[in-house]
Amino acid sequence: MMLICIENIEDILRSKFRKQVVDQGIKDAVKFLQQWLYLSSQVTRLHGAALARVQIPDIQYLLAEIAYGECGFGNKDKIHSKLLTNLINQSVFACFITQRLNNSVVHLFEETVIGLSNMSQDEAIGFIVGLEAPAYQILQLLREALVGVGISDIEVLKSEYFVIHYDVEKEHQKSGSEAMDIIMDSGFELSKIYKGGDKAINFLTQMIA
Ligand SMILES: [Fe+2]
(Lines give C-alpha, C1' and ligand atoms only; values in the text may rest on other atoms or scores of the structure.)
Protein backbone atom coordinates (compact mmCIF):
# COMPACT_ATOMS: atom_id res chain seq x y z
CA MET A 1 0.00 0.00 0.00
CA MET A 2 1.17 3.47 -0.84
CA LEU A 3 2.27 5.44 2.18
CA ILE A 4 0.45 8.71 1.95
CA CYS A 5 0.18 11.19 4.80
CA ILE A 6 -0.65 14.84 5.25
CA GLU A 7 2.90 16.07 4.66
CA ASN A 8 2.96 14.01 1.45
CA ILE A 9 -0.14 15.78 0.20
CA GLU A 10 1.39 19.22 0.79
CA ASP A 11 4.64 18.14 -0.89
CA ILE A 12 2.79 16.70 -3.89
CA LEU A 13 0.81 19.93 -4.24
CA ARG A 14 3.99 22.04 -4.00
CA SER A 15 5.78 19.98 -6.61
CA LYS A 16 2.79 20.23 -8.93
CA PHE A 17 2.80 24.00 -8.49
CA ARG A 18 6.54 24.04 -9.17
CA LYS A 19 6.09 22.18 -12.47
CA GLN A 20 3.04 24.14 -13.62
CA VAL A 21 4.06 27.64 -12.55
CA VAL A 22 7.55 28.13 -11.04
CA ASP A 23 9.46 26.20 -13.71
CA GLN A 24 7.64 28.10 -16.47
CA GLY A 25 8.87 31.41 -15.04
CA ILE A 26 7.12 34.77 -15.25
CA LYS A 27 6.49 35.84 -18.83
CA ASP A 28 4.86 39.17 -18.11
CA ALA A 29 5.60 40.76 -14.73
CA VAL A 30 2.91 43.45 -15.10
CA LYS A 31 0.20 40.88 -15.87
CA PHE A 32 1.39 38.57 -13.09
CA LEU A 33 1.23 41.40 -10.52
CA GLN A 34 -2.13 42.59 -11.82
CA GLN A 35 -3.58 39.10 -11.36
CA TRP A 36 -1.95 38.54 -7.98
CA LEU A 37 -3.16 41.93 -6.70
CA TYR A 38 -6.69 41.03 -7.76
CA LEU A 39 -6.46 37.63 -6.06
CA SER A 40 -5.02 39.27 -2.94
CA SER A 41 -7.95 41.71 -2.77
CA GLN A 42 -10.48 38.85 -3.11
CA VAL A 43 -8.79 35.92 -1.35
CA THR A 44 -10.73 36.11 1.93
CA ARG A 45 -13.86 35.27 -0.08
CA LEU A 46 -12.27 31.85 -0.64
CA HIS A 47 -11.62 31.44 3.09
CA GLY A 48 -15.20 32.55 3.74
CA ALA A 49 -16.65 30.12 1.20
CA ALA A 50 -14.63 27.26 2.71
CA LEU A 51 -15.60 28.35 6.23
CA ALA A 52 -19.26 28.16 5.20
CA ARG A 53 -18.80 24.43 4.54
CA VAL A 54 -17.06 23.56 7.80
CA GLN A 55 -18.96 22.10 10.76
CA ILE A 56 -16.04 21.50 13.15
CA PRO A 57 -15.58 24.56 15.41
CA ASP A 58 -11.78 24.11 15.72
CA ILE A 59 -11.45 24.28 11.94
CA GLN A 60 -13.87 27.20 11.68
CA TYR A 61 -11.49 28.96 14.08
CA LEU A 62 -8.41 28.24 11.93
CA LEU A 63 -10.04 29.47 8.71
CA ALA A 64 -11.38 32.59 10.42
CA GLU A 65 -7.89 33.27 11.77
CA ILE A 66 -6.32 33.07 8.29
CA ALA A 67 -8.99 35.41 6.88
CA TYR A 68 -8.61 37.82 9.82
CA GLY A 69 -4.86 37.94 9.24
CA GLU A 70 -5.40 38.73 5.53
CA CYS A 71 -7.68 41.56 6.68
CA GLY A 72 -4.97 43.10 8.86
CA PHE A 73 -5.46 41.48 12.29
CA GLY A 74 -7.69 44.29 13.50
CA ASN A 75 -5.82 47.10 11.71
CA LYS A 76 -7.44 47.98 8.39
CA ASP A 77 -4.33 49.85 7.26
CA LYS A 78 -2.53 46.50 7.32
CA ILE A 79 -4.95 44.66 5.00
CA HIS A 80 -2.58 42.62 2.83
CA SER A 81 -3.95 43.84 -0.50
CA LYS A 82 -3.42 47.45 0.69
CA LEU A 83 0.19 46.68 1.69
CA LEU A 84 0.75 45.10 -1.73
CA THR A 85 -0.77 48.14 -3.45
CA ASN A 86 1.60 50.40 -1.47
CA LEU A 87 4.54 48.33 -2.67
CA ILE A 88 3.35 48.22 -6.29
CA ASN A 89 2.92 52.00 -6.25
CA GLN A 90 6.72 52.28 -6.06
CA SER A 91 6.86 50.97 -9.64
CA VAL A 92 6.73 53.30 -12.66
CA PHE A 93 4.32 50.72 -14.16
CA ALA A 94 1.92 50.99 -11.20
CA CYS A 95 -0.93 52.48 -13.26
CA PHE A 96 -0.87 49.44 -15.59
CA ILE A 97 -0.71 46.95 -12.73
CA THR A 98 -3.60 48.46 -10.78
CA GLN A 99 -5.95 48.78 -13.77
CA ARG A 100 -8.99 46.51 -14.20
CA LEU A 101 -8.42 42.88 -15.03
CA ASN A 102 -9.82 41.12 -18.06
CA ASN A 103 -13.13 39.37 -17.53
CA SER A 104 -11.90 35.79 -17.92
CA VAL A 105 -9.83 35.97 -14.72
CA VAL A 106 -12.73 37.57 -12.84
CA HIS A 107 -15.05 34.88 -14.21
CA LEU A 108 -12.67 32.11 -13.11
CA PHE A 109 -12.57 33.56 -9.61
CA GLU A 110 -16.36 33.82 -9.35
CA GLU A 111 -16.78 30.24 -10.62
CA THR A 112 -14.24 29.05 -8.04
CA VAL A 113 -16.16 30.70 -5.18
CA ILE A 114 -19.33 28.97 -6.37
CA GLY A 115 -17.49 25.65 -6.70
CA LEU A 116 -16.03 25.98 -3.23
CA SER A 117 -19.46 26.77 -1.80
CA ASN A 118 -20.62 23.40 -3.09
CA MET A 119 -17.70 21.28 -1.91
CA SER A 120 -17.83 18.81 0.94
CA GLN A 121 -16.23 19.93 4.19
CA ASP A 122 -13.04 17.92 3.71
CA GLU A 123 -12.63 18.94 0.08
CA ALA A 124 -13.07 22.61 1.07
CA ILE A 125 -10.38 22.21 3.76
CA GLY A 126 -8.17 20.57 1.14
CA PHE A 127 -8.71 23.55 -1.15
CA ILE A 128 -7.45 25.98 1.52
CA VAL A 129 -4.50 23.72 2.30
CA GLY A 130 -3.69 23.72 -1.43
CA LEU A 131 -4.02 27.49 -1.56
CA GLU A 132 -1.51 27.91 1.29
CA ALA A 133 0.91 25.11 0.38
CA PRO A 134 2.91 27.00 -2.30
CA ALA A 135 2.97 30.29 -0.34
CA TYR A 136 6.76 30.54 -0.24
CA GLN A 137 7.07 29.70 -3.94
CA ILE A 138 4.53 32.43 -4.68
CA LEU A 139 6.40 34.96 -2.52
CA GLN A 140 9.52 34.19 -4.52
CA LEU A 141 7.68 34.70 -7.84
CA LEU A 142 6.20 37.91 -6.50
CA ARG A 143 9.65 39.12 -5.52
CA GLU A 144 10.94 38.44 -9.06
CA ALA A 145 7.96 40.18 -10.64
CA LEU A 146 8.35 43.27 -8.43
CA VAL A 147 12.02 43.49 -9.33
CA GLY A 148 10.91 43.01 -12.95
CA VAL A 149 8.81 46.19 -12.77
CA GLY A 150 11.72 48.22 -11.49
CA ILE A 151 11.50 48.03 -7.70
CA SER A 152 14.85 47.17 -6.10
CA ASP A 153 15.17 43.82 -4.35
CA ILE A 154 16.09 45.61 -1.11
CA GLU A 155 12.94 47.76 -1.27
CA VAL A 156 10.87 44.62 -1.89
CA LEU A 157 12.37 42.67 1.01
CA LYS A 158 12.11 45.50 3.53
CA SER A 159 8.50 46.35 2.53
CA GLU A 160 5.81 45.74 5.13
CA TYR A 161 4.10 43.28 2.78
CA PHE A 162 7.16 41.02 2.56
CA VAL A 163 8.18 41.29 6.21
CA ILE A 164 4.66 40.30 7.28
CA HIS A 165 4.42 37.47 4.76
CA TYR A 166 7.67 35.77 5.58
CA ASP A 167 6.30 35.59 9.17
CA VAL A 168 2.65 34.99 8.45
CA GLU A 169 2.83 32.34 5.74
CA LYS A 170 4.53 30.05 8.22
CA GLU A 171 1.48 30.47 10.48
CA HIS A 172 -0.95 29.91 7.60
CA GLN A 173 0.75 26.68 6.63
CA LYS A 174 0.71 25.57 10.26
CA SER A 175 -3.02 26.37 10.46
CA GLY A 176 -3.59 24.39 7.28
CA SER A 177 -1.74 21.39 8.70
CA GLU A 178 -3.58 21.69 12.02
CA ALA A 179 -6.86 21.70 10.15
CA MET A 180 -5.79 18.54 8.33
CA ASP A 181 -4.77 16.86 11.57
CA ILE A 182 -8.20 17.61 13.02
CA ILE A 183 -9.89 16.40 9.82
CA MET A 184 -7.91 13.15 9.93
CA ASP A 185 -8.75 12.63 13.61
CA SER A 186 -12.37 13.12 12.61
CA GLY A 187 -12.10 10.23 10.16
CA PHE A 188 -12.15 11.99 6.78
CA GLU A 189 -10.47 10.61 3.72
CA LEU A 190 -7.10 11.86 2.47
CA SER A 191 -8.25 11.35 -1.11
CA LYS A 192 -10.95 14.01 -0.67
CA ILE A 193 -8.49 16.42 0.95
CA TYR A 194 -6.10 15.84 -1.93
CA LYS A 195 -8.88 16.39 -4.47
CA GLY A 196 -9.62 19.82 -2.93
CA GLY A 197 -5.91 20.69 -2.80
CA ASP A 198 -5.45 19.72 -6.42
CA LYS A 199 -8.32 22.01 -7.42
CA ALA A 200 -6.61 24.86 -5.57
CA ILE A 201 -3.33 24.31 -7.42
CA ASN A 202 -5.14 24.25 -10.76
CA PHE A 203 -6.99 27.40 -9.76
CA LEU A 204 -3.73 29.18 -8.85
CA THR A 205 -2.11 28.03 -12.08
CA GLN A 206 -4.93 29.43 -14.20
CA MET A 207 -5.16 32.56 -12.09
CA ILE A 208 -1.52 33.67 -12.34
CA ALA A 209 0.01 31.80 -15.27
FE1 LIG B 1 -1.48 37.73 2.67
Qualifying position, being within 20 Å of Thr85 (Cα to Cα), charged (D, E, K, R), within 16 Å of the ligand (Cβ to nearest atom) and modelled with pLDDT of 90 or more, among Glu160, Glu155: Glu160
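Of all residues in the stretch 117-126, which are surrounded by fewer than 18 Cβ atoms within 10 Å (Cβ to Cβ) and either free of Cβ contacts under 8 Å to residues at least 60 places away in the same chain or assigned to a helix (DSSP H, G or I) (or both)? Spell out how you get there, then give the answer.
Just the residues of the stretch 117-126 that are surrounded by fewer than 18 Cβ atoms within 10 Å (Cβ to Cβ), to begin with: 117-118, 120.
If the condition is that a residue be surrounded by fewer than 18 Cβ atoms within 10 Å (Cβ to Cβ) and either free of Cβ contacts under 8 Å to residues at least 60 places away in the same chain or assigned to a helix (DSSP H, G or I) (or both), then Ser117, Asn118 are the ones that fit.
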Top-ranked residue in the stretch 28-79 [being among the charged types (D, E, K, R) and over 14 Å from the mean Cα position of the chain (by Cα); ranked as nearest to Val106 (Cα to Cα)]: Lys31
Index of the failed condition, Pro57 passing every other in (1) in contact with an Asp or Glu (Cβ under 9 Å, 6 or more places away or on another chain); (2) surrounded by fewer than 16 Cβ atoms within 10 Å (Cβ to Cβ): (1)
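Conditions (1) touching a strand residue (DSSP E or B) at 6+ places or on another chain (Cβ under 6 Å); (2) at pLDDT 95 or above; (3) more than 16 Å from the ligand (Cβ to nearest atom), marked per residue:
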| residue | (1), (2), (3) |
| --- | --- |
| Ile164 | no, no, no |
| Glu169 | no, no, no |
| Ser186 | no, no, yes |
| Lys199 | no, yes, yes |
| Asn202 | no, yes, yes |
Extreme residue, surrounded by the most Cβ atoms within 10 Å (Cβ to Cβ), among residues of the stretch 131-152 that are part of a helix (DSSP H, G or I), of a type in the set (Gly, Ala, Ser) and at pLDDT 95 or above: Ala145
Criterion: of a type in the set (Asp, Glu) and either under 16 Å from the mean Cα position of the chain (by Cα) or under 26 Å from Leu108 (Cα atoms) (or both) - qualifying residue of Glu155, Glu178, Glu132, Glu189: Glu132
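List the helices (runs of 4 or more DSSP H) that sit entirely inside the stretch 35-116 and contain at least 1 residues that are within 16 Å of the ligand (Cβ to nearest atom) and under 24 Å from Gly148 (Cα atoms).
Once the helices (runs of 4 or more DSSP H) in the stretch 35-116 are filtered for at least 1 residues that are within 16 Å of the ligand (Cβ to nearest atom) and under 24 Å from Gly148 (Cα atoms), what remains is 80-88.
The values are calculated or read from the model by the stated rules, or taken from the named source; none is laboratory data. None of these values were measured; they are calculated from a predicted model. For neighbour counting, all protein chains shown are included, and Cβ atoms are generated from backbone atoms with ideal geometry for every residue, glycine included.
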